[in-house]
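Working notes, structure below.
Every number here is computed from the coordinates shown, using simple stated rules; none is lab data. All values derive from a computational prediction rather than experimental measurement. Neighbour counts run over all protein chains shown; Cβ positions are idealised from the backbone, glycine included.
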Amino acid sequence: METAVLGLTIFVLALFAGFEIITKVPPTLHTPLMSGANAISGITLVGALLAAGSEQDWLLSILGFVAVVFATINVVGGFLVTHRMLAMFREHRKMES
Amino acid sequence: MNGAVINLGYLGASALFIVGLKGLAHPRTALRGNLLAALGMLLAVALTLFDRRILSLQAIAVGVVIGAVLGAVLALKIQMTAMPQMVALLNGLGGGASVLVAGAGLLERQNGGDSALSYFTVAAAVSGVIGAMTFSGSLVAFAKLQELVTDSSTQFPGRRVLVAGLGAAVCGIGLWLMVTPDPHTVYWIVVGASLLLGLLLVWPVGGADMPVVVALLNSWSGLAAATTGFVLNNNVLIIAGSLVGASGFILTQIMCRAMNRSLVNVLAGIAPQGSTGQGGEDPYVGRVKAGSPEEVALLFDVAQRVMIVPGYGMAVSQAQHSVAHLTELLCSRGIEVEFAIHPVAGRMPGHMNVLLAEANIPYELLKDLDDSNPLFEQTDMVLVIGANDVINPLARTDRTCPIAGMPILDVDKARTVVVIKRSLSPGFAGIPNPLFAAENTIMLFGDGREMVQALLKALKEGP
C-alpha cells in the first residue's frame, strides 16, 4: 500500500511539472514536442531490458525481447527525427546572409 | 551495482528529461533540450544494464541493434510531410512496448509469489488497457494518414453500441484480473479486448480530426509508460511517462479548442452538425473570380504586406520549397511577408511549421492564430495555399453551420485574398466557403506547387 501511495505521489507531481513546462512550448514547436516527448516515453525500454535479460522464464525473455525492439525504435527514431526537425528551425539573420 | 546508485542515476535521468523538455520553449534552445533528454535516456539505459537482475546481455544486444537500425532508418528517411504518420507509428510502438513490459512484470511477480500482488495487478490492468489501445489506435491512425485506409470506408452502423459493449467488457475483465489467482493469463485477455477497442475508437476518425487523435495517442503512450512504472515499481518510468502524458493532454486540448469540438465528439465520430447549404442555392454561381498567375503577380507588385496561409494542401503538393522561393523573392523586393498558421492546419499540431522550417523559412515569420488575426486588416494581400475550413468566415457569422464558433484566421479582412485551390469542393466540414465568392477574393485553381511556381515565373518575368 505504501508503495502505491509513493508511486502515486511521484506520478501526480510529475504531471504538474509536465503541465507547467509544456504550456510554455510555442505552437511552432508542437510537432518536435510530440516526437521528442514520444521518444522520452520510450523509457519503457528500461523495463524491457530487465525482462529480456532475466533468463528466468522463456516467455518472459520473449516478451522482453520484443519490447526491447519496439522501445528502441521508439527511442532512437524519436530522438533522431526530433533532432532532424529542430536542426531545420533557423533564425532570420541566417536566411538573409 | 547498488540499487540506490541506480535509483540516483534514474533521478538524474528524470531531471534531464525535465530540463530537456523545458528547452523546447524556444527554437534557439530546443536542439540542446532534445540532446539533453536523449542523454537522460542513455544514462537510464546504461545504468539498467548494471542491474543484477540482468543475467544475459545477448538477447538485449540483438534487440537493441535491430531496434536502433530500424529507428534510425525510419528517422532519417522519412519525409517531413509524412511526419504525422511517423509520430503515430512511434506512439504505437511505445504503447506496444508498455503492454509487453507490464505483462512481463506481472508474470515475474506471479512466478516469484509476490505478496503485494493485488496492487500490481491493478497497475498492470490499467497499463495493459491504455497501452493496447494506444498500439492498435496508432496503427489505425498510421494506416489512415498513409492513406492505406480511406475515410469513406470506415463508417458502419452499430459501431457506437459495439464500442460501449467492448468498453464494458474491458472494465469487467479488468476487475476479474484483480481477483483471479492467475492474473497473467487474464492480463492477455484484457489486452486483446483493449486492442479491439482502440481499433474501433480511432476507426471512424478522419481527415481534419486527425491532429486531435495523434495528440491523444501521444498522451496515452506516456500514460502507458507511467502505469508500467507502477507495475515495475520504477520511478523513472512514472516520471517520464507522466511528463509525456501531460504534454499530449495539453496538445489534445489545444487541438479541440482550435476546432471548437469536444474530444468525445471527435472519438464518437460525430460529424459536426448543422445546416450545410444556404437554401440549396449555389453560393458560388456567377460570383467566383478565377484569376491567372500573371494577374496575381501584378497585385504583388503593388503590395507592401503579404500574409501566406498554408494548409494541408501545401503539404500534399509538397509546395513548401516553392513557397520559400516566393518568400525570398518578395522579401528581396522589399515586401513584408509573414505566415499565419492555424493550430489545426495539416494533420498534426505544428505540421506546417515543420514543413516551412524544412524549406528554410525563419521561424520568426511564422505567426500563430492570436498573433496573426490583428494583422490581417493592415495586410494588402493574403495568399491561401490549400486551406479551407480554417479561413471560412461562416464560423463567425453563421450560428447554425457545423463550424460555428471555431476560431478562424480572419483573412477576409485583408485588402485582397488569393486562394490557391484545386476546385471549389468543400473542406472537411462539408460546407461552402463564402470567402471564395467574396468581392476581394481571387481564385487560382490548380495544384499548390504548380501555382506557386507559375506565380514565381510571372513575378520574375514582370509585366
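Under the shape rule built on the C-alpha gyration tensor, where the axes satisfy a ≥ b ≥ c, segment B:15-77 is oblate, since a/c reaches at least 1.5 while a/b does not exceed b/c. Name the shape class, rounded, prolate or oblate, that the alpha-carbon gyration tensor gives for segment B:83-267, where a ≥ b ≥ c are the square roots of its eigenvalues, rounded holds for a/c under 1.5, and otherwise prolate holds if a/b is larger than b/c and oblate otherwise. Since a/c reaches 1.5 and a/b is larger than b/c, the shape of segment B:83-267 is classed as prolate. Electrostatic tally near B:R53: other residues with Cβ closer than 11 Å to its Cβ, Lys and Arg +1, Asp and Glu -1, net -2.
For chain B, the longest principal axis of the Cα atoms and the long axis of helix B:58-77 meet at an angle of about 0 degrees. The string of couplings for segment B:237-249 from the Karplus curve (6.51, -1.76, 1.60, θ = phi - 60°) is 5, 5, 5, 4, x, 6, 4, 5, x, 5, 4, x, 5 Hz, one whole number per residue in order, with x for Gly and Pro. Distance between the modelled labels on B:R333 and B:N260, one decimal in nanometres: 3.6 nm (7 Å Cα→Cβ projection).
Cα-Cα over 28 Å: which of B:K22/B:K367; B:K144/B:K460; B:K144/B:K457; B:K289/B:K460; A:K24/B:K413? Listed pairs above 28 Å: B:K144/B:K460; B:K144/B:K457; A:K24/B:K413. Per-residue Karplus couplings for segment B:317-324, computed as 6.51 cos²θ - 1.76 cosθ + 1.60 with θ equal to phi - 60°, are listed in order as 8, 6, 8, 4, 6, 5, 4, 5 Hz, Gly and Pro entered as x.
Under 5 Å between amide hydrogens, built in the peptide plane, is the criterion, and for B:W203 it picks out nothing among residues at least 5 positions away or on other chains.
With θ taken as phi - 60° and the Karplus curve 6.51 cos²θ - 1.76 cosθ + 1.60 applied, the whole-hertz 3J(HN,Hα) list for segment B:205-213 is 7, x, x, 5, 7, 4, x, 4, 5 Hz, x standing for glycine and proline. Close amide H partners of B:I308, meaning residues 5 or more places away or on another chain with modelled amide H under 5 Å apart, are B:E338, B:F339, B:A340, B:L383. The protection proxy used here, the mean number of other Cβ atoms lying within 10 Å of each residue, ranks peptides B:9-17, B:91-99 as follows, highest first: B:91-99, B:9-17.
In the protein assembly as shown, the C-alpha radius of gyration followed by the widest Cα-Cα span (Dmax) gives 25.0, 85 angstrom. Across peptide B:47-57, the average count of Cβ atoms from other chains found within 10 Å of a residue's Cβ is 4. Modelled spin labels at A:T3 and B:K77, positioned 7 Å past Cα toward Cβ, are 4.2 nm from each other. Taking a Cβ cut-off of under 15 Å around B:L216, the surrounding Lys, Arg, Asp and Glu residues balance to a net charge of +3, with basic ones at +1 and acidic ones at -1. As a rough guide to protection, the peptides B:74-80, B:309-315, B:100-106, B:403-409 ranked by mean Cβ packing within 10 Å, highest first, stand as B:100-106, B:309-315, B:403-409, B:74-80. Counting Cβ atoms of other protein chains within 10 Å of each Cβ in B:355-362 and taking the mean gives 5.
Amide H to amide H, with H built 1.01 Å from N, B:G291 comes under 5 Å of B:M443, B:L444, B:F445, counting only residues 5 or more places away or on other chains.
Counting Cβ atoms of other protein chains within 10 Å of each residue's Cβ and taking the mean over peptide B:211-219 gives 2. Here the calculated FRET efficiency for B:R32 and A:F19, from their Cβ-Cβ distance with R0 = 30 Å, stands at 0.85, rounded to the nearest 0.05. Once a ≥ b ≥ c are taken as the square roots of the eigenvalues of the Cα gyration tensor of chain A, is the result rounded (a/c under 1.5), prolate (a/b larger than b/c) or oblate (a/b not larger than b/c)? In terms of gyration-tensor shape, oblate.
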